[in-house]
Each structure stands twice: as structure tokens, then as C-alpha cells.
1. Which helices (runs of 4 or more DSSP H) sit wholly inside the stretch 98-213 and have at least 1 residues that are among the basic types (Lys, Arg) and in contact with a helix residue (DSSP H, G or I) (Cβ under 7 Å, 6 or more places away or on another chain)?
2. Taking the conditions exactly as written (buried (at least 16 other Cβ atoms within 10 Å of the Cβ), in a loop (DSSP other than H, G, I, E, B) and modelled with pLDDT of 90 or more), does Pro65 satisfy them or not?
3. For the stretch 246-259, what are the residues that are farther than 21 Å from Gly46 by Cβ and part of a helix (DSSP H, G or I)?
4. Can you find a residue that is surrounded by fewer than 18 Cβ atoms within 10 Å (Cβ to Cβ) and either modelled with pLDDT of 95 or more or assigned by TED's automatic domain parsing to the domain that holds Met56 (or both) anywhere in the stretch 218-230?
5. Looking only at the stretch 32-57, count how many residues are closer than 19 Å to Ile234 by Cβ, in a strand (DSSP E or B) and in contact (Cβ under 8 Å) with a residue 60 or more places away in the chain.
6. Given the residues Leu58, Leu105, which is the only one that is surrounded by 13 or more Cβ atoms within 10 Å (Cβ to Cβ) and over 13 Å from Ala161 (Cβ atoms)?
7. Give me the residue from the stretch 188-217 that is modelled with pLDDT of 95 or more and touching an Asp or Glu at 6+ places or on another chain (Cβ under 7 Å) and, out of that set, nearest to Glu256 (Cα to Cα).
Amino acid sequence: MSEAENFVDFKNVWLAYNEALLAQIQFAVEDINLLVKKGEFIAIVGPSGCGKSTFMKLTTGLKAPTRGTIHVDGQPVNGPLKISGMAFQAPSLLPWRTTLDNVLLPLEIVEPYRSNFKSKKAEYEARAVELLRSVGLAGYERKFPWQLSGGMQQRASICRALIHEPKMLLLDEPFGALDAFTREELWCALRDLWMEKRFNVILVTHDLRESVFLADTVYVMSKGPGRFVVQREIDLPRPRDLEITYTPAFTDIVHELRGHIGVMRRPDAPIAQ
């Protein structure tokens, strides 16, 4: 892979959360090396406490590595990124704002959109309405969060993360609190958005089926301190429909990945591919 094709580049990244832990040689993640192509959809799976969320903080610049370097879109990560959007397990919509106004919130508070918000409000609203339509929320623009189901709230949360047209979307267990049917509906909504826009996606999830259905590549993290122990390219054809989740090829990959969950990696062990 050439440097021009790389979008995310971790080189020998280690993180200890404070000086006391560093003195005790206790790292949250260690020796992270990762190259992600432009437009690639990756998923990270692993046991609780393995460092998945820490990895997200490093990627977005919310945490600086103790050792190593991180580049995103060709630039060193030295602080919070403006080119990324994030969505979490809890939608965290403001209850006093309508669905449309919740989606527009980043444009009201983040430059350069904030300075132009009044003059371009109609344009921004049209963008938000189209995003909501694309995830099945047409007609719900003026509804408040308490009038929406959990799945609808999460759709709105993803739209809010995408309203400023980020180059990278980071998703931290975004569907974990939803029922199985709603979760699969949102898999398809996210699949369609990504197929249309081709922004980079980093998905952290405990759901192996979710990771295999959505991602180009799945990374398995070891128990803490977190390291990548497996890099598995998902060679299932796209576009993927839910029917593929019932095929032997799909279930074989899920079972293969499940066998790696909870593994402790030896410091000198290579990443399995």
C-alpha cells in the first residue's frame, strides 16, 4: 500500500493513561500498528476492557500516545480531529430539540460552519432532511427524541455525526442497546450510507456478526493491554444483503473470529491474517 492510499496510520503506538501507570509499565494498549486505506470500513472486536475505546480516543486525538505516532489523512494527530464524526451506544439527543435541530447541532457549534450557520441555514437544513430521509426518518424532522423509538434515535445520532460530511466516521457500540431486528435494519442503513459516500469507518463492536456483515477488514484485540492479534479481510461480495448472514461462508468467518476472542498475544507473536 502506498503512502497516498493510507488514511489511518498507527506506528508502534503505546498508551499509559498517566505517569504512575507508565512507571509501573501498565499500558492500556501496546504496540499498535495499523494501516487503513482511504474509504475502507474496518471493525474492531475484542473482550471488554481490551482497549477498543482507547483506540478510538487515540484515533480522534482525544488521547495522545505515550509512544509512537498516529497520522490521519496524511497529517499527524496532535489534537481533536475536525474531519471525523462520532456516534456512541447512547444516542444522547437533546430532549428539547427536534430531530432536525439535533442533527444540525454540529453545524451550529463547529467552525467553519458556525460562522455561516445563519446565512446558510436553509442549505444546511436541506442537507439534514436528505440525510434523515436516507436512513428512513423522512417525516420525523419535527419530532422530539421522546417521540422516537430507540432505533430512530440512533439513526438520528448517526445523521448528526455525518452532517458536516466528515472523512471518517467512528462508531463505538452504536447498535448495542437495540433489539436484534432494529440492529439489522441499522446495519443496512449504515451499509447504504457508506456505499454511497465511501467515507472511512471505524466500528467498535462486541457483535461478530455485525463486524463481518459491515466491514472490509476485522481486527481482533487481545485482552488488556490491547494488541491486535488478528487482521481478517472479509472476502464476501458487496453489496451484502442480510441473507448472506445465513450462509456457510459467513458463519465460518464468524466462528473463526470467535476462536480468537480473549486470546493473550505473546509480545513477539505476529498478527494473524
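The values are calculated or read from the model by the stated rules, or taken from the named source; none is laboratory data. It should be emphasised that the depicted structure is a prediction, and the values quoted were computed from it without experimental measurement. All Cβ positions, glycine included, derive from the backbone under ideal geometry; neighbour counts span all protein chains shown.
1. On the way: elements: 99-109, 113-116, 121-134, 150-162, 180-197.
Those helices (runs of 4 or more DSSP H) span 113-116, 150-162, 180-197.
2. Numbers: buried (at least 16 other Cβ atoms within 10 Å of the Cβ): yes; in a loop (DSSP other than H, G, I, E, B): yes; modelled with pLDDT of 90 or more: yes.
Judged against the criteria, Pro65 is a match.
3. Narrowing the stretch 246-259 to residues farther than 21 Å from Gly46 by Cβ: 246-249.
Of everything in the stretch 246-259, those that are farther than 21 Å from Gly46 by Cβ and part of a helix (DSSP H, G or I) turn out to be Tyr246, Pro248, Ala249.
4. So the first thing to find is which residues in the stretch 218-230 are surrounded by fewer than 18 Cβ atoms within 10 Å (Cβ to Cβ), and the list is none.
For the stretch 218-230, residues surrounded by fewer than 18 Cβ atoms within 10 Å (Cβ to Cβ) and either modelled with pLDDT of 95 or more or assigned by TED's automatic domain parsing to the domain that holds Met56 (or both): absent.
5. 7
6. Numbers: Leu105 fails: over 13 Å from Ala161 (Cβ atoms).
Answer to the check: Leu58.
7. Thr217
Matching residues to (1) closer than 27 Å to Ile261 by Cα; (2) hydrophobic (A, V, I, L, M, F, W, C); (3) assigned by TED's automatic domain parsing to the domain that holds Val201:
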position	(1), (2), (3)
Tyr17	yes, no, yes
Ile25	yes, yes, yes
Gly49	yes, no, yes
Ser53	yes, no, yes
Pro65	yes, no, yes
Ile70	yes, yes, yes
Leu100	no, yes, no
Leu105	no, yes, no
